[in-house]
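Visitor: Input: one structure, supplied below.
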Amino acid sequence: SEGRRVVAFIPAHYLRPKGPEVDPKRRPDDSELLQTLVEDGVLITTPSQDYDDDYALEYARRHDGYILSNDMYRDHAHKVGLAGKMFFGDFVGGEHHRSTQDWLNEHRITYTFVGDELLLNPAFRPASNSTKPAVLMRS
């Protein structure tokens, strides 16, 4: 992470699925590890009733960070476009006032795994106005 803060966001209910009727695929593989990451401030829980993408994107925006995700965030961009400044303010901030989708195109890094190795999109180029940003991992 070379001087960058790495954080991940996850809805709180993912850490404590209730009851035997919960699909085993929805249960964490290692609850203790996740709890340790929460205690270390690396994994941030969001209120279960809220949309975790909003928190991840807002954190990245505030810290001029990047989102490590294969999510296209179309639903978020659409929601911001519908609600406008009345509910979300100026999402991209700064003097350029680019659209949310433009901001996402410049700050979202896609990835894949080759075995256990994380491979970031080699075609990704950082936003031209960013300086030593935080790197943000999304759940």
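Visitor: What is the gain in length, in nm to one decimal, between L120 and A12 on full extension, counting 0.36 nm per residue of separation less the C-alpha to C-alpha distance?
Guide: Details: separation 108, 0.36 × 108 = 38.88 nm, distance 2.72 nm.
Full extension from L120 to A12 adds 36.2 nm.
Visitor: Once amide H atoms are built 1.01 Å from N in the peptide plane, which residues 5 or more positions from I44, or in another chain, come under 5 Å H to H?
Guide: Those lying under 5 Å, H to H, from I44 are A8, F9, I10.
Visitor: When ligands, DNA and RNA are left out and all protein chains stay put, how many square angstrom of accessible area per residue does region 1-75 have with a 1.4 Å probe?
Guide: On the way: 4870 Å² over 75 residues.
So region 1-75 comes to 65 Å² accessible per residue, rounded to a whole number.
Visitor: Also, I was wondering about something else. Can you tell me the order of 59-71, 25-37 when each peptide is scored by its average per-residue count of other Cβ atoms within 10 angstrom, highest first?
Guide: Per-residue Cβ counts within 10 Å, averaged per peptide and sorted highest first, yield 59-71, 25-37.
Visitor: Leaving ligands, DNA and RNA out of it, report the carbon-plus-sulfur percent of the accessible area of region 1-72 at a 1.4 Å probe. Intermediate results must be reported in sequence, preceding the final value.
Guide: Numbers: 2320 of 4630 Å².
Here it works out to 50 percent.
Visitor: I've got another one for you. Residue by residue through region 49-59, what is 3J(HN,Hα) from phi via Karplus (6.51 cos²θ - 1.76 cosθ + 1.60, θ = phi - 60°)? Round to whole Hz and write x for glycine and proline.
Guide: Once θ is set to phi - 60°, the couplings for region 49-59 become 7, 9, 8, 4, 4, 4, 5, 4, 5, 5, 4 Hz.
The values are calculated or read from the model by the stated rules, or taken from the named source; none is laboratory data. If you're wondering where the values come from, they're calculated on a predicted model, not measured in any experiment. Here Cβ is always computed from backbone atoms with ideal geometry, including for glycine, and neighbour counts include all displayed protein chains. The area values use the complete protein model at the heavy-atom level, side chains included, leaving out ligands, DNA and RNA. Shrake-Rupley method; radii C 1.70, N 1.55, O 1.52, S 1.80 Å.
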